[in-house]
Structure formats: structure tokens, C-alpha cells
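Take a look at the structure set out below.
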Amino acid sequence: MKTAPDKTVLQSCGFNCGSRCQLRLHAEDGQVAWVESDTGPDAPDAPQMRACLCGRAWGHWVNSPHRLDYPLKRVGPRGSGQFQRISWDEALDEIAAQIKRITADFGPEAIFFPYASGILASGQSPLERAIDCYGGHLRLHSDYSSAQLQAGTMALFGDDGYYSGSPLEEAANSDVLVLFGSSMFATRQGGAAGGHYLNQLREQAAAEGRPFKVVSIDPRHTPEVRGAQDQWIPLRPGTDAAFVAAVIHELLIDGLADEELLRSHCVGFFEDTLPPGTPPHSSYSDYVLGRGPDGTEKTCAWAAAITGCPAATIRQFARTLAQAKSAFITQGWGPQRSEYGEQTSRAICLLAVASGHFGRPGTNSGVHEPMRPYTPSLPGGRENPVRAALPAFLWTECLQGGGITQAQGLRGAQQLPFPIKMIVNHGGNCLTNQHAAINATHDLLADESRCEFIVVCDVMLNDSARYGDIVLPELALGERENAVLSGFGDRVSCLRHGESWSHFTGERRDPWSIGRALAERLGVLEAFEEGAGDGDETLAARMASEGQVFAASSADSAGHTGEDDNGKAAASAGRADEDARRLPAPGHEMRALRAPLPCAYGAFRANPTAHPLPTPSGKIEVYSEALARMAQTAQLPDGQVISPIPAYLPAAEGPGSPTAERFPLQLITYHGYQSIHSNFSHLAIVESVMPHALQVNPVDGAANALVEGQPVVVENDRGALVARVHLTPCIMPGVVALPNGAWHNADMAGSRLDWGGCANTLTSLRPSPIARGNGQNSCLVRLRPLTAEEQAAGRERGYDC
Amino acid sequence: MTRLAIAINLDRCVGCHTCTMACKMQNNVPEGLLWNRVLTTNCDVVDGAEGTYPNVSRVYTPIACQHCQNAACQRVCPTGATYKDEKGRVEIDYEKCIGCRMCMAACPYNARVFNWQTPVRTTGANYGDAAVPVRPKGVAEKCTLCKERTDNGEEPMCVVCCPAHARIFGDLDDPDSEVSRLVRERHGYQMLEDMGTNPSVHYIG
Ligand code: SF4
Ligand code: SF4
Ligand code: SF4
């Protein structure tokens, strides 16, 4: 028998997950022995924040052999993973010297913080704060999550789509739920997230004898499709806009579209609402009715050939929408993560408008359900003086081209005349693993004449961390005292005061003290500490700022609702409950139901004059003049175009493209249960419970003579990976899918064959035209068996093949 | 009498495998072994589906020891190591287990696993609840209905962890318990009913 646990510690599963569930750690002999989750009160409308399988494996995660314990300095070529242990002083002195040198030689714009969300639960990176206090750094705009959707909805509705959608609660008034590439269960896994709520909605409707039908439009069959009334409509990835065009065509010719709404609230759906001076026949209705420049009528037969969805199914879906009392149309972020994701995302939103399922009870605007309170930054510090902002995905293009211009997506400056000279990667895996085209990206990073210095600060030696010239070991959120705002994708919101506990931590340091030590060396300590202090003061400042967000976003005891300001009030909606102003002591947390959010654009629909949208016209810009102008000036990759309307545009790598002759399968990734981005993916215990596998339709399996469980090479011109085959009718023929986040694992000096099965070994750096976002789901591949040589190499690595 | 049981609502289960992992963590189940697996009805692979594209259906079906009242494993156990306790749970006395694996052959649910080797835990630590005994090499193990928790009046880990609230725990001998009511009202059924094992675990949906 083991000894009784010393102590139960309250902590958070603090990743960039919509849930950030409660963890209760039992520390024994300085180790996490047992991880339990929420055991507090549980009610149907305020469910426990139960951790998913990942959170349950947190003890394995925190003790992972990949943990970083000591500062490291690179001794082999970049990316080789050859390091030598150094002291903190040596590491910090070197980083400070490089910041000074690069700022002096190239200016602060040469220092770049790639998109990273590992630190998100603790607010802004303190390293970034220190550098802001010194000279600043190149900014970035958008992210890897929903760049195309943000740009698409910005053109259509004038906001970035993060906060403007209807909450899932609105679906209690719906009879049809339409999911475009969205799985509530898999995307937000905690007990207070949307999946459990969807089950409740279903049961509630059944109990009341109301119809509630889920239609999932997705290349993959997801668990949301359950009962006989539900429907799976598979589409080829990247063709949603063609599907939508045909549905709208169908609604228009049958007189079932909401023409009044399309005329009164929209610009450019019909010819007579186009902005003055626009070329004739550029409206969306002319596009679908075959009067546009392409002269093609967007019939169901036309769309069937593109989407792979039978014409009859498209027609029947149009009927479903027309007959629905209130359809809640939503999209995940997978569909927009494609070359023309801006078209995809706006087309889905336009479907909500055109079908009339918009701005009234039980409807949504077509975007993802809104986020709730987010971790604020600490007060004080200095504002980054640099205005130039790079699209998050374009740093490799900047490295490649030796600079970047406004016509390529740079904002805040005309151009950057030099490549990025220094990268600070704090808590992220977007240098390689979660970026794209890992082999090409490796070559850019390995070339020290381009980026001269790379700093990594992380908890794990992940694939990106291998590229650090200096690697700093950080304490994980859950192993230090912290303030965590959780549930930003959930129905309940929680402010949690996590406790520290005694265990082996090597020389890991907490992020604030690392930033502070850097600020000291840069001579900006005073500015760094301003408003936030150090130690307990910093924690108190964080708790206070998070407490404000918590209180502002919680429903008060009187149940006040948020202001209906076209949904934009989401992050600040609701009035603070006096009780919620008290802050939790260590080991305690506060919970509240979140303030109810309004139906998306309800106020606008009711009175567009009194509540105009923040678009230039104040209306829904189906035809966007801003995009028409951008089309004139943008410098785009070969063959790429910008359309002012949400037309379907075929991707360079899509069904029917010339590349498909050699690489006939479309590869997509999805949010698997087994990881949160790339976190947890590398753990043997997770693999043993929920193995990574390549989903292949039996039709493609037979064509490639594959059997269940067999390792197969997935390849294209950018690289090759090994994955195990799972033959399943739950994926569309012609499409193969991998769960996202697997850890890249290749001999980069040799074959470069990725034994880890990281999809980004294969994905493309080609950015989308408007957001310049990451379009990983536009990716063509082929399958082949492993060669005898590869099998031998695999066995040497311990890969069963 | 008491007959502790779990009812699993398959209309709610989404195949997230949280119960698989949480069970492993609660009960210190060594690496490579699982007490609780999530299968899909009528499929022999993980995450399978019935039907042919695009007319598919998929029913996630978690399965662990069914705590049978007429337990095949108990009948064949030569040492009395496997026994039914006063709460209706089927348990193993690890001290008495001689590793003959007759029980594994007899169990129609494939619920038992065996420690062929000294149990491996990569973290180097026992990660289970401290109250759960550590099993040595050469013994069989399986779901205990979270004996240590249910002894204390707590619900089993797979019940309290389920993000979809698909599992309901209680006493089948108490007609007023939620589990009895559900099984009655929603026509709960037993897995492989015709084997005559009379499981306590029931499925709904
Ligand atoms: S990964 Fe997300 S859902 Fe899972 S336990 Fe952590 S916070 Fe909760
Ligand atoms: S935790 Fe619940 S929903 Fe998830 S697989 Fe287990 S029973 Fe099903
Ligand atoms: S009752 Fe306990 S031992 Fe049995 S499957 Fe559930 S968690 Fe595992």
C-alpha cells in the first residue's frame, strides 16, 4: 500500500483550450500521483468543469521526459536538437546582448514573436513585455485559429467573428442545427463545454415533443450526428462556397430566399443594391443565376460536380432550411483553414442571411459560437512602439523573401526591408509542428544568415524548441501559484486561484521572473514592473484584472442580460454581481453562470438604421468594395484571386486541380480528442488510450491495397510522413484525415520521413488571399506502402512496421 | 441486498475516451492495459461504424467488467480469488490469484487483463488513488466498480468524469434509485444477455 497523499492541490489544466478545467492534484513525495477533476456542485445548467482525457493525463504531461529542466544552448546545427546545459545568467546575458544588437542594427521590427498560445492562460508573455519596454518588436495580426474567418466576416459584417455569433443557448429556440465543419464534442472537451449542452438540447426537445435535427456538413462523420432525424452531408474540403451557392440558387428560383432582408439589409446581393460605380453583373444573385462574368448558373448539378455531394441532397437541404422554423447555422474553424477560407466562411454566413435564419430567435450569423472572457494583460509596461504588423502565418514568407510589403499583407507600415532577424518563441509550437511545410520551414530556420538568433522559452522540448539557439525552461502553469480565468468557451465562467506545490522542478522558472530578469539586463526594470510589481504583487495585479473580466462577464444574481449591441458587447456584457467582486484565496475558485448573450445581429435585423453594422455602409456587404480595392493592389501568389463576393474559388490544391493527377487525395486535419493543439500528443499513455490514425475510406483503402492498422506513407512534393491506416466509412472517399497536433519526428539530416505523423510535414505555405492566413486543409497527397528500407529504418526507431 | 451498478446512456456517449483515461488514472492501471474501453457497436476496430458510406451510424459503447450476478469468471476461478461481494460487485483477491487466466478465457466481455510483466509506469510513480492496491506481476485485474471509492460512498470514477453525463451509478436492488428508474423507464438492456451472466451494467439507448 502506498502512503496517503500529502495534500490535494487546486490547479487548472491551463492550455489554450476553451475549457481550462479544474484539476485537483494529489502530490506525493514531490510527484503528482493522482489527478482528479471537479467534484464540486453539479447542476444541469451549471455543470462541473470535468476534465477530458487530456486533463486526466496531466500528471504524465507534467512529468513528461520532454520537460525542460535547465537552460540550454545550441551546440549542433539549428534544429538538430543538440544542446548543452548553461546557467541562467549565461542564457539571459546572451539574449539581452542579442536584443540590443539586433535592435541597434536593424530596428525593433526585426524581432518577432511568432503566434504562441501556451502562455495565453497567464496573459501576455513577460518576455514580450520586457522587449516592449526596451525597443519593441514586430507585431502580428490575426492568428492560426481563424484568420480567414476573421477577414471574411470583417468584409461581410464588419467584425472579426470571434464575439458576434449567437451563443449555443440560442439553439434552444431552433428546430434545425446546421454544423459546417463543427464538432462541439471534440473542439471543446470539458464538462461545461458545448457538447454536453448539445445533448441536453436534444433531450429537452425530445421531452417537449419538438423537432430538433442536426445536419452536419463535413467531410468527416462526427458524433453530433446521432438519431434517425439527423443528417450527414459530406463535402469535399474547400468546396463549401460552391455548396452554398447552389443552395442559395435553389432558394432564389423557388422564391424561398428572404429577399426582403437581402434587399434592405445587404449591399450587392442584388444588382440594384450594388454600390454606385460597380461593374454590372457583379452582384451575388447574378453570380448564382448565371448572369455574372463566368456565365455559369450555380445549379445543384454544377455544385454536385465540385463538392461531391449529390444534387438531390443539395436540393433537399435547401428545402430543410426553407421549412425550418429557426435554423441555427454555425461553422467550426476547419473549413476556413483552407486556401480560400475567406470565401468559405463568408459564404456560410451568407447562407444564414439568404435563408432568413438570421437576427431572430433560434438563429445565428453562421460564425462559430462566441468566446467569453479572456485573460487580460497586466496594467503598466510600455506599449510596443512598433506599428508594423505581420499576418501571423507569413513569417516564413518574410524570411524567404528578405522582407515583406503592404501588398503582401503587412499592416501598419509600407514595408519591412529585411527579414526577421530574431525570433522569440514563448510557449508555442508554430515554428514547425503547428506551422506548415515543415521541411521548407526547417531550411529557412536552419539558415543562420536569415534569422540570426532564436530564443525559445517553453515547458517542453517540442519540435519548435529544437530550433532555439537558447532554450529557457519554464514552470508550467499548473506547477506554480496562479490566477486562471477558465471557461471562455463554456457555459460557466470561473476564476481560480491555483496553488503551488513542492516537487522536482530543476531550474525551471516562472515566466514573470524570466521577463523581469531580461528587463533588468535591458535596463528597463522600472517600466517592466510598473503597475504589476513582482512576486505576490504581480499575482495580486493579475487576480484583480481577471476578477474584473470575470465579474463583467458573469450573470448577476438578478439575471441581467447583456446589452444587445449587435453582439459586440459579448466580452463586456452583463453587470457585475457584487459578490463576484471578491477574489478567491489560494486553493479556491469562484464560479458564475456567464451573462446571457444576445442572438447575433438581432438589433441590426430589427432596426438597421438605429443599429448599423460597423461595415463602411453599415449593412451586410455581400459585395465588398474594400475587397474589390484590395483585389487591385494585392500581390498574390500565382493564380490566386480576390473576389468581392463570397463566390466559390477553386484552390490550387483541391479536387480537380492539376496537382490532383499526381496526388489524388485531399488531406485534412481535425481536432482529435487526444490533444489540445500539440499538447498531450506525444504522451505514450494518450496514444495507448486514443491512438493517432489516418482515416481512409474503404474505397480508397481498396484502391491502395491497404488493411486496417497498416503503416502507410502519406506524401506529396513537400514531404512524407508515416501513419497507421484506419479504414472507416466515416470519411468521404477522396479525403484522408489526421488528428492535428502529432509531434513531428524525422531525421532532418537524412530521409526527413516523419515518423511522428505530423500533418504539417505535408501542408502548404501558400497563404490565403485576404487574411494571408494558414490554409492547411488545402493539401493534396497520395498514399504508398513503406519501402523495405523505410521499414528497416522504422524498426530501428522502435516503430512497429 | 445491494446490487451496485452502472447504466450507460448510449444516446449521450460521444466516444471521448475520458472514462478510459480516468479509470486508468484512478486505478493505477499499468501502461498497455485498460480496464475500460470505448468500442463501437457491431465493430471490431476502435472508432468503427456500421453501414456503408454515406449511410453510416456509430454507437459508442463503453465496456468494462459487467459485474455479472452469474459471473462466468467466478465459476471457473480455481482458488476463489474472484468473488462476488456483499454489494454485488465482482472482485479479485490479488493474494489468492495464481495467474491461471481461466477467468480471462471464460469472460464473454473480454473485460480482464493480465500482468504478464512487472507493471510499467513511465512516470516512475504510481499514479492511482492511494487507496487502490498495487497489483504485482502474474495476476489478473479488471474494473472493480471502483471498490475503494464505492466503499466510501463515492461514485465510480468513470461516472463522475464523463463530460457527457452518460453514466449513472446506483443500487439496482433499490427500486427508487435513479439507475433502477432509468433501466426500467428506458428499457435498459444487458450486454450479451443470452449468455446468462446477468450483468449489473445496463445499457440505455
Ligand atoms: S484539455 Fe481542455 S477540456 Fe481537457 S481537461 Fe484540459 S481544459 Fe479541460
Ligand atoms: S467519458 Fe462518457 S462520453 Fe466519454 S467515452 Fe466515456 S462514457 Fe462516453
Ligand atoms: S467503475 Fe471504476 S474501475 Fe470500473 S470502469 Fe469505471 S472507473 Fe474503471
Interchain or long-range residues, amide H under 5 Å from A:I668's placed H: A:V736, A:A737, A:L738
Within the accessible area of the stretch B:4-204 (1.4 Å probe), percent carbon and sulfur: 50
Sparse-neighbourhood loop sites, GluC sites (Glu not before Pro) in the stretch B:48-93 - DSSP loop, at most 12 other Cβ within 10 angstrom: B:E86
Partner chain coverage, peptide A:684-696 - average Cβ within 10 angstrom: 4
Sparsely packed trypsin sites (Lys or Arg not before Pro) within the stretch A:1-60, loop by DSSP, other Cβ within 10 Å at most 13: none
Chain A: angle of helix A:240-253 to the longest principal axis, Cα-based, in degrees nearest 10: 30
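For peptide A:28-37, compute the average count of partner chain beta-carbon atoms within 10 Å of each residue's beta-carbon. Write out the running numbers ahead of the final one.
Working: counts 4, 1, 1, 5, 3, 9, 11, 5, 7, 6.
Mean shielding count: 5.
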The stretch A:54-174: relative contact order in percent, alpha carbon pairs under 8 Å with at least 6 residues between: 13
Between the stretch B:86-157 and the stretch A:614-646, the Cα center-to-center distance that results, in Å: 63
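Kindly sort B:W116, A:W58 by accessible area of their heavy atoms, largest first, with the probe set to 1.4 Å.
On the way: B:W116 155, A:W58 5 Å².
Putting B:W116, A:W58 in descending order of accessible area: B:W116, A:W58.
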0 to 90° range, to nearest 10: angle between helix A:311-323 axis and chain A longest Cα axis: 90
Lysine pairs in chain A with Cα atoms under 28 Å, if 8 or more residues apart or on separate chains: 10
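Chains A and B: buried accessible surface, both sides, probe 1.4 Å, rounded to 100 Å²? Don't jump to the answer; show the numbers that get you there.
On the way: alone 28150 and 10270 Å², together 34470 Å².
In total, chains A and B hide about 4000 Å² from solvent.
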Tilt relative to chain A, helix A:341-354 - C-alpha long axis, 0 to 90 degrees, to 10: 50
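Report the relative contact order of chain A, percent, no decimals, based on alpha-carbon pairs under 8 angstrom and at least 6 residues apart. Before the final figure, lay out the partial values.
Numbers: 2005 pairs, mean separation 152.1, N = 801.
Contact order relative to length: 19 percent.
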Under 19 Å between alpha carbons - lysine pairs in chain B that sit 8 or more apart or on different chains: 11
Rounded to the nearest 10 Å², the accessible area of B:T52 at probe 1.4 Å: 100
Nonlocal amide H pairs with A:D754, under 5 Å, H built at 1.01 Å: A:A720, A:L721, A:V722
Two-decimal Rg to Rh for chain A - Kirkwood Rh, Cα set: 0.95
Equivalent ellipsoid semi-axes - Cα gyration tensor, the stretch B:4-204, angstrom: 26, 20, 18
Nearest-10 value in Å² for the accessible area of A:E397, using the 1.4 Å probe: 60
Sequence-separation-based contact order of the stretch B:1-109, relative, with Cα cut under 8 Å and 6+ spacing, percent: 23
Calculated from backbone phi, Karplus (6.51, -1.76, 1.60) coupling profile of the stretch A:416-426 in Hz, x at Gly/Pro: 10, x, 9, x, 5, 9, 9, 10, 10, 9, 10
Accessible solvent surface per residue of the stretch A:658-796, calculated while the other protein chains remain in place, 1.4 angstrom probe, Å²: 32
Whole-Hz ³J(HN,Hα) from phi, Karplus 6.51 cos²θ - 1.76 cosθ + 1.60, for the stretch B:119-134, glycine and proline x: x, 9, 9, 4, 6, x, 10, 6, 9, x, 4, 4, 6, 7, x, 7
Of all DSSP beta bridges in the protein assembly as shown, antiparallel share, percent nearest 5: 60
Karplus-derived HN-Hα couplings along the stretch A:48-57 (A = 6.51, B = -1.76, C = 1.60, θ = phi - 60°), whole Hz, x at Gly and Pro: 4, 8, 6, 6, 7, 4, 5, x, 5, 8
Gaussian network model of chain B, Cα within-10 Å springs - most flexible of B:Y83, B:Y127, B:Y53: B:Y53
Heavy atoms of B:E193 accessible to a 1.4 Å probe, total area in Å² rounded to 10: 110
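Given a 1.4 Å probe and heavy atoms of the protein chains only, how would you sort A:E479, A:E708, largest accessible area at the top?
Working: A:E479 5, A:E708 80 Å².
Ranked from most to least accessible, the order is A:E708, A:E479.
How many percent of the accessible area of the stretch A:658-796 is carbon or sulfur, using a 1.4 Å probe?
That fraction is 54 percent.
The values are calculated or read from the model by the stated rules, or taken from the named source; none is laboratory data. Keep in mind it's a predicted model, so treat the numbers as computed, not measured. Cβ coordinates were reconstructed from backbone atoms using ideal geometry, including for glycine residues, and neighbour counts include every protein chain displayed. Remember, those area values only see protein heavy atoms, side chains included, never the ligands or the DNA or RNA. Shrake-Rupley method; radii C 1.70, N 1.55, O 1.52, S 1.80 Å.
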